[in-house]
Amino acid sequence: MGILSGALSGARFRVEGDLPAGFRGVFRDRLNATAFQEPPQGQGKEEVEGWVLTQNLLDTDFTDLNRWLIQDYALLALRVDKKRLPARLFRATLEKRVQVWCAERGLERCPAAVKNELKDNLEAEWLARSLPSVGVTEAVWSIEGRYLVLGTHSESTTDRFRKRFLQTFGLHLVPWSPLDWLATSADVEALIAQVPADVSLGGA
Amino acid sequence: MAEAKDGLPILPHVAGEFYVWLWWASEQQSGRFDLGDPVGAVDAWIDDRLAFRLPSETRVSAIMTGDDAPDAMESRAALAGGKVVNELRLAIKRDDREFSVTLKGPAMHLGQAKLPAMVTEGGEEVVFERMHLYEELCLIVAGLFRHYAAVRASPAWEVDVVPALRRWVVGEG
């Protein structure tokens, strides 16, 4: 999203809720408690997610505030791992295994329970040797400014981030509206009250 | 006004009108805007990208790029044909600092924001400086939007601005 260099892009949110007393220490502890943890061997298809440092997605220790908190700007990244199997190749391989099972027993059909067992075994075998796809969504949070810029516009990724942010910090991320730029609620009311201009002026 | 559960509403027609007004006003005023406190005077002009959509759709249906994008006949023709500006690339100069940013969609997301390179070394200093510049950019865009909102809610919108915009769209202004 270009926090350190390049062009900066992202969706902006207001951060709503009360900061806890001594929030730096509180947030450090919460980030450490919800940091990304490598899953044990035999990870299935379930997603694994947690916070990582923006410097490197393998860095998950938030103890040193200087690594993620610059003045009142918090730099965070949410990592999500998920293993995916190639569906068509998986189906074809399973079908071959079913055929072998039938041939060994001289049967024409394979019972559903056996097929499910073969499927589970094949899935476990392939998941054990596959690497996950890794998604990392960066954000910069102005704690004093009460806003956050999130490096994605994807709705599903945004929803996940907002949920995890609430779980971690107890604070809501509210989508920012251009109307938030207006100084008073009277200004907002006055603008909303206007009838949209016709389409040739860019009104919808 | 009751605030929606997820904050203030995002109104597609407001963004579309703001983009067109900004495009028109920057041409009328040679890019000069006096935005008052706390922004002051800035230069702002449409840079090298305009994207249009049909009013009934959310997807972009036409994109104009290049230095002459805001001056191209095709750009005004898109407006005259009823298309809505969905995003534009804006160049801004405030004092000696130059920014450029893409304002995108009904939410006016700030994308591809190029910030002046004031500090280039030292991780912490760079982040701190860039975030300050990002906030300055937001302040300027907010100032432009407030300026539009004030004009939009005033009698001058219907009396002066809309007729002038109509003439401009067809190349008479």
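Summary of values
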| read-out | value |
| --- | --- |
| Subset tally (residues that are free of Cβ contacts under 8 Å to residues at least 60 places away in the same chain, facing another protein chain (nearest Cβ under 9 Å), closer than 18 Å to residue B:6 by Cβ and crowded, with 19+ Cβ neighbours inside 10 Å) for the stretch A:165-194 | 6 |
| Search result, residues across the stretch A:78-94 that are more than 18 Å from residue A:39 (Cβ to Cβ) and either of a type outside the set (Val, Ile, Thr) or not in a helix (DSSP H, G or I) (or both) | A:86, A:87, A:88, A:89, A:90, A:91, A:92, A:94 |
| Selection from the stretch A:154-175 of residues that are under 13 Å from the mean Cα position of the chain (by Cα) and not in a helix (DSSP H, G or I) | A:154 |
| Filtered residues of the stretch B:90-125 (kept if in a strand (DSSP E or B) and within 11 Å of chain A (Cβ to nearest Cβ)) | B:99, B:100, B:101, B:102, B:103, B:104, B:109, B:110, B:111, B:112, B:113, B:114 |
| Residue B:145 closer than 21 Å to residue B:32 by Cα, touching a Leu at 6+ places or on another chain (Cβ under 6 Å) and hydrophobic (A, V, I, L, M, F, W, C) | no |
| Flag for residue A:162 being of a type in the set (Lys, Arg), surrounded by fewer than 16 Cβ atoms within 10 Å (Cβ to Cβ) and more than 7 Å from chain B (Cβ to nearest Cβ) | no |
| Flag for residue A:42 being loosely packed, with under 15 Cβ neighbours inside 10 Å and either modelled with pLDDT under 95 or among the polar types (S, T, N, Q) (or both) | yes |
| Matching residues in the stretch A:1-29 - criterion: being within 14 Å of chain B (Cβ to nearest Cβ), surrounded by fewer than 16 Cβ atoms within 10 Å (Cβ to Cβ) and either under 19 Å from residue B:127 (Cβ atoms) or without any contact (Cβ under 8 Å) to a residue 60 or more places away in the chain (or both) | A:4, A:5, A:6, A:7 |
| Qualifying residue in the stretch B:151-167 (condition: touching a residue at least 40 places away in the same chain (Cβ under 8 Å), touching an Asp or Glu at 6+ places or on another chain (Cβ under 8 Å) and over 28 Å from residue B:37 (Cβ atoms)) | no |
| Residue in the stretch B:138-157 that is of a type in the set (Gly, Ala, Ser), under 15 Å from the mean Cα position of the chain (by Cα), part of a strand (DSSP E or B) and facing chain A (nearest Cβ under 9 Å) present | no |
| Test: residue in the stretch B:68-79 that is more than 10 Å from chain A (Cβ to nearest Cβ), closer than 16 Å to residue B:141 by Cβ and outside any helix (DSSP H, G or I) | no |
| Condition met for residue A:149 (closer than 30 Å to residue A:57 by Cβ, away from every other protein chain (no Cβ under 14 Å) and touching a strand residue (DSSP E or B) at 6+ places or on another chain (Cβ under 8 Å)) | no |
| Extreme residue, surrounded by the fewest Cβ atoms within 10 Å (Cβ to Cβ), among residues of the stretch A:111-145 that are part of a loop (DSSP other than H, G, I, E, B) and within 12 Å of another protein chain (Cβ to nearest Cβ) | A:144 |
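A quick yes/no check of all residues on (1) among the hydrophobic types (A, V, I, L, M, F, W, C); (2) modelled with pLDDT of 95 or more; (3) within 28 Å of residue B:127 (Cβ to Cβ); (4) buried (at least 16 other Cβ atoms within 10 Å of the Cβ):
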{"site": "A:31", "(1), (2), (3), (4)": "yes, yes, yes, yes"}
{"site": "A:62", "(1), (2), (3), (4)": "yes, yes, yes, yes"}
{"site": "A:70", "(1), (2), (3), (4)": "yes, no, yes, yes"}
{"site": "A:83", "(1), (2), (3), (4)": "no, no, no, yes"}
{"site": "A:107", "(1), (2), (3), (4)": "yes, no, no, no"}
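The values are calculated or read from the model by the stated rules, or taken from the named source; none is laboratory data. For clarity, every value in this text was computed on a predicted model and none was experimentally measured. So basically every Cβ, Gly included, is an ideal-geometry build from the backbone, and we count neighbours across all protein chains shown.
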